[in-house]
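Have a look at the structure below before the remarks.
The values are calculated or read from the model by the stated rules, or taken from the named source; none is laboratory data. Predicted model only: the values in this text are computed from it and were never measured. Neighbour counts run over all protein chains shown; Cβ positions are idealised from the backbone, glycine included.
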Amino acid sequence: MTELILQALYSGLLQGGSYALIALGLALVFGTMKVINLAHGELVLLAAYVAYAVESGLGLGSGFGPIFAIPIALVVVCIAAVSVYFVVSRIKIDREINSLILTYGIGVILTNLILLVWHADVRSTNSTWLQEAFVVGPFYSMRSELIFFGVSVALMGALWWWLARSWYGRAVRAVSSNRDAAELMGIDPGRTELVSFIVAGVLAAFAGVALFSYGVIQPAYGGALTVKAFIITVLAGVGSIPGVLLGAVLLGVAEALTVTLASSALQELAGMTLFLLVLFVMPNGLFGAARRRG
Amino acid sequence: MSGAINAGIKINKTLVALIVAGYAVVPFALGANNYIMSMIVAALVIGGVALSWALLGNLGGMVSFGHSAFFGVGAYVSALVTVKLGVPVLLALPLGGVGAVLASIVMMPVLRLRGPYFALAILAYAHIFRILATEWSSVTGGSGGVSGIPGFPTVFGFDFGTKMGAYLIALTLVLVFAFAYARIRASYYGIALRAMHDSEDATRVVGVNSTVLKAAMLMVSAFMAGVFGALNAHYINFLEPDYAFNALWVTLPVVAAIFGGYRTISGPVIGALVVYMADQLVFKALMPTGHQLVLGVLLVMMIVFSPSGLMPLLKKWTARHA
C-alpha cells in the first residue's frame, strides 16, 4: 500500500509539470489583460491534436512523432493565441463580462473544429519509445512523463529568467501591476499583451504535446483543462512561478491519489475538493497575497 | 426612474399580440406538425434557461457557465421524486426548481470571488454535479440513466402529455418567469442591483447588502433553470448524466441570450427561438457533426460587433439606411 501511495505521489509530481505550464499561461494573460481566457484549455488541446496528426501522418509508430510535432504545434498554437488576442482586444465595453463570453465562444469554436477534423474518438500515442517504462529507484513512469517533466521545469526556469531579466518580461510585469504607469514609462500595453498571449501559447503548445505523449485526449477535454488551470491559480494565489508549480503538483498528486485509493471516475472531484478547501480556509491561495477577495 | 419601474408591469400591445399568438395562433397553425412543435418546445426550454441566465447576468452582474448544473439537478430531482417516490408530476416541477436552489446554495462560497474567478468556479461546479450524477448510481441510476420518467398528466380532459401540452406548459412557464423577472427588476431590489452593476462598493456604502442580493439572484436563477430542466425530463421521459449536464445547456442559452440581448427580458426567449431553429433546420443540415461551431462563431461575432444584442444592431442599420 505504501508503495502504491509513493507511486501515486511520483506520478502526480510528474503530471504537475504540464499542469503548471497550462496554469502559467492562463495566469500570464490574466496578469496583463485582466482577462481569463476560457479557451486556454482548448489551445492546449489543439497542440495535443497537432501532435496526434503529425504522429499518424508520419506513420512513425515506434518513433518520436510527438517530439517532431513540437515546432508545428508551436506555430499552430501561437497563431491561434494571436488570433484570440486580436479578437479579445476589440472589446471596448463591459470588458470583464464580454471577454469571458467571447473566449467561451472561441472555446466552443476550437472544440468543434477539433471534433470536425479529428472526430470524437479518444486518441493516444502509438510511440513505444515514449511509452517505455522508465524506472527511477522504486518509482515507475513512462519515459515521456519524465522527459516532459524535465521540459516543463526547464521552461519554467526560462520563463522565470525572461520575466525577471528581459525587457519584455519586465514590461509584462509592469503592465500586470499598473497598466497606466507602465504606459507612462514608455511601454506599449497592447504589444505587451500580445507578447503575453504568445508566451502563453508557447507554454500551451509544450503542455499539449506532453499531454498527448503520456495520456489520452478527446475533443471535450479542453474545458476540463481550463478548470484545472484555474484551480491551480486559486491554490497558488497570484504571482509566483514556484507557487504555481507547487499548486500544480498538489493537484496532480491529489488526482493520482484519488485514482489509486478510490476510483478514476472521481479524479476531477479531487481537484474540486482541494479548491473548495482552499477557498474556505485560505481564500488568498496557499502562497498568494491578498488580492482576489470581493 | 418611474418609467423604468412602470416598464416592468406595463402591458403593451405587442406583448398582448405575442401572448395571443403564442396561445391561439401557434397551436392551430402548427399544432398538427409534430416535428415543428417538438422543436418549438425545445426552443422554449432553452429560452427559459436563457432567461434565467440573463437574469443572473443582468441583475446580479454574474456570468455563469454552470447553468447546466441547475438544469441537470432540476431534471434529476424531478425525475427521481416521481419515479421513486410517486410524487405527482406537476408538483415535481417546482421540486426540481427547489433542488436546483439547493445546488446553488452549495455554490454560495464562490460568491466571495469576483468576476472572472466566479465564472470559472461555477464552471467547475458544473463538472462536480455531472460526476455526482454518474457516480452516485444507487440513487441516480449512474451512467445508465433514469428511464420511464412519467409524462405530464391529463387535466380537465386535456392531455398535457402530448407535444401540444408540453408546448402550453413551457410557454406558460416562460411567461410566468418573464413576469417575475420584470417584477424583480422593477422593485427596489432591482434598482439596488442595477446600482451595484455600476459600483458595488458605492452601493454597499449606502446600505445595500450586496452579497445577500447576489445570493438571492443566484437562487432565483437556479430555480428557473431547474424547473425547465424538470419540464424537459418529463417531456422526453429519459435522463442520463451526459445529457442532463451537457455543456450544450450552457452554450445554447448563452448564445440565445447574447443574440437577443441579455439586458432585455424578451431578448433571451426570442433569441432562443431564432438560434435553436436556425441551428436545427440550417446548421445541422449543413454539417451534421460539429454544427455547434456556428454557435461559437455567432457568439464571437455578437460580442465583437454588437454585445448588447441584435436589436440595437438592427436599429443602427435601419437608421443608416433610412
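Structure data summary
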| quantity | calculated |
| --- | --- |
| Test: residue in segment A:35-43 that is within 14 Å of chain B (Cβ to nearest Cβ) and at pLDDT below 90 | yes |
| Top-ranked residue of segment B:33-65 - restricted to ones that are among the hydroxyl-bearing types (Ser, Thr, Tyr) and away from every other protein chain (no Cβ under 14 Å), ranked as nearest to B:Lys163 (Cα to Cα) | B:Ser38 |
| Test set (1) more than 14 Å from chain A (Cβ to nearest Cβ); (2) buried (at least 20 other Cβ atoms within 10 Å of the Cβ); (3) assigned to a helix (DSSP H, G or I); (4) not aromatic (Phe, Trp, Tyr) - B:Ile149 fails condition number | (3) |
| Any hit, segment B:232-248, residues being under 28 Å from B:Phe179 (Cβ atoms), within 14 Å of chain A (Cβ to nearest Cβ), without any contact (Cβ under 8 Å) to a residue 12 or more places away in the chain and surrounded by fewer than 17 Cβ atoms within 10 Å (Cβ to Cβ) | no |
| Options A:Ser196, A:Ser176, A:Ser152; residue that is surrounded by 20 or more Cβ atoms within 10 Å (Cβ to Cβ), among the polar types (S, T, N, Q) and under 26 Å from A:Trp118 (Cβ atoms) | A:Ser152 |
| Scope segment A:225-262; condition among the polar types (S, T, N, Q), modelled with pLDDT under 90 and either touching a helix residue (DSSP H, G or I) at 6+ places or on another chain (Cβ under 8 Å) or crowded, with 22+ Cβ neighbours inside 10 Å (or both); matching residues | A:Thr233, A:Thr260 |
| Residue in segment B:171-179 that is assigned to a helix (DSSP H, G or I), over 19 Å from B:Pro268 (Cα atoms) and small (Gly, Ala, Ser) present | no |
| In segment A:82-91, residue surrounded by the fewest Cβ atoms within 10 Å (Cβ to Cβ) [restricted to those that are more than 8 Å from every other protein chain (Cβ to nearest Cβ), in contact with a helix residue (DSSP H, G or I) (Cβ under 8 Å, 6 or more places away or on another chain) and part of a helix (DSSP H, G or I)] | A:Val82 |
| Within segment B:1-116, helices (runs of 4 or more DSSP H) holding 3 or more residues that are of a type in the set (Val, Ile, Thr), at pLDDT 90 or above and surrounded by 14 or more Cβ atoms within 10 Å (Cβ to Cβ) | B:34-58, B:67-85 |
| Where a residue in segment B:275-289 is of a type outside the set (S, T, N, Q) and its partner, wherever it lies, is modelled with pLDDT of 85 or more, with Cβ under 6 Å and at least six apart | B:Val275/B:Val255; B:Val275/B:Ala256; B:Val275/B:Phe259; B:Tyr276/B:Ala43; B:Tyr276/B:Ile46; B:Phe283/B:Val294 |
| Some residue of segment B:252-261 being without any contact (Cβ under 8 Å) to a residue 60 or more places away in the chain, within 12 Å of chain A (Cβ to nearest Cβ) and under 19 Å from A:Gly223 (Cβ atoms) | yes |
| From A:Ile106, A:Ile79, A:Ile67, residue being within 14 Å of chain B (Cβ to nearest Cβ) and either part of a helix (DSSP H, G or I) or over 16 Å from the mean Cα position of the chain (by Cα) (or both) | A:Ile106 |
| Failed item in (1) within 14 Å of another protein chain (Cβ to nearest Cβ); (2) in contact with a helix residue (DSSP H, G or I) (Cβ under 9 Å, 6 or more places away or on another chain); (3) under 26 Å from A:Ala174 (Cα atoms), with A:Asp94 passing the rest | (2) |
| Within segment B:182-217, considering residues that are β-branched (Val, Ile, Thr) and more than 22 Å from B:Ala100 (Cα to Cα), the one farthest from the other protein chains (Cβ to nearest Cβ) | B:Ile191 |
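So that you can scan it fast, the table gives a plain yes or no per residue for (1) closer than 22 Å to A:Leu9 by Cβ; (2) more than 14 Å from chain B (Cβ to nearest Cβ):
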| residue | (1), (2) |
| --- | --- |
| A:Ser177 | no, yes |
| A:Val202 | no, yes |
| A:Phe206 | no, yes |
| A:Val209 | no, yes |
| A:Ile232 | yes, no |
| A:Pro242 | yes, yes |
| A:Leu245 | yes, yes |
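Per-residue answers, yes or no, for (1) within 11 Å of another protein chain (Cβ to nearest Cβ); (2) loosely packed, with under 15 Cβ neighbours inside 10 Å:
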| site | (1), (2) |
| --- | --- |
| B:Gly271 | no, no |
| B:Met302 | yes, no |
| B:Met311 | no, no |
| B:Arg320 | no, yes |
